[in-house]
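Asks: I have a structure here, written as structure tokens, and I will follow up with some questions on it.
The values are calculated or read from the model by the stated rules, or taken from the named source; none is laboratory data. Since the structure is predicted, the reported quantities are computational estimates derived from the model, not experimental observations. Positions of Cβ are generated from backbone atoms using ideal geometry, with glycine treated the same way; all protein chains shown enter the neighbour counts. We work out accessible area using only protein heavy atoms, side chains counted, and drop any ligands, DNA or RNA first. Shrake-Rupley method; radii C 1.70, N 1.55, O 1.52, S 1.80 Å.
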Amino acid sequence: MYIMVVAALLFLAFAYFAVGQAVVNRGDAQGAADAAALAAANEAREQIADDLIDDIEDLEEWEELLQGLLFPNGPSCAKAESFASKNNAQSESCARTGLPRKGFSVTVRTTGSVGSSVIPGTDSVRSTAKATAVLEPRCELAVEPDGDGDLIELDCDGDVIEIDPEDPDPIPDPGLIFDVRLVD
């Protein structure tokens, strides 16, 4: 009887250990998904700044930008895949989210399994997680230039940022114009 009780307790201990491994694996998947989604949104923010330099005086493009309509997909999802792999996961999907929240939703699956344990079938189980990161404009167009090389003014949470199209490096740090944060 004593041996059976000890054996049952050992089995329960190993079973709890397997559950703990699964929880850690799930946490790793969520961390990888969060990092990948943030990387995609941050890359989109950087790409926006690069695209604006090419046509800085186009106010329609500024309006679309500040409404979140110009975020590029390709490089952003490639960055998400890169960050997922750095966190021992594979990106299963990466998609731009629509209005009202503009950003990226990423789903990842861990490359490592839960591992072998006393519970059959756990050696091939991988965790999946999803995360969404959004770009939130902090600014709105304050003053429109009249085409004579005037400054473009952005009102960013009460602070005015002046952009001189004649400046060799006219675009301020994209972090001043957009916030990037996780929402899911």
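Asks: At a 1.4 Å probe radius, which order do Thr110, Thr128 fall into by accessible area, largest first?
Replies: Listed by decreasing accessible area, they come as Thr128, Thr110.
Asks: Then there is this: How charged is the neighbourhood of Pro75? Take every other residue with its Cβ under 14 Å from the Cβ of Pro75, and add Lys/Arg as +1 and Asp/Glu as -1.
Replies: Result for the local shell: -2.
Asks: Leaving ligands, DNA and RNA out of it, rank Ser82, Ser105 by accessible area with a 1.4 Å probe, largest first.
Replies: Ranked from most to least accessible, the order is Ser82, Ser105.
Asks: Treating cross-link reach as a plain straight distance, find the aspartates and glutamates whose alpha-carbon is under 13 Å from the alpha-carbon of Lys79, omitting any fewer than eight places away in the same chain.
Replies: Asp34, Glu43, Glu46
Asks: Using the Kirkwood radius over C-alpha pairs as Rh, can you work out the diffusion coefficient of segment 2-63 via Stokes-Einstein at 25 °C, viscosity 0.890 mPa s, in µm² per second?
Replies: After rounding, the answer is 152 µm²/s.
Asks: Efficiency by 1/(1 + (r/R0)^6): what FRET value for Asp179 and Phe11, r their Cβ-Cβ distance, R0 = 45 Å, to the nearest 0.05?
Replies: Taking R0 as 45 Å, the efficiency between Asp179 and Phe11 is 0.35.
Asks: I would also like to ask the following. With a sphere of radius 10 Å drawn around the Cβ of Thr128, what net charge do the other residues whose Cβ falls strictly inside it have (Lys, Arg +1; Asp, Glu -1)? Spell out each step's value before the answer.
Replies: Numbers: positive: Arg26, Arg109, Arg126, Lys130; negative: Glu92.
Around Thr128, the charge tally is +3.
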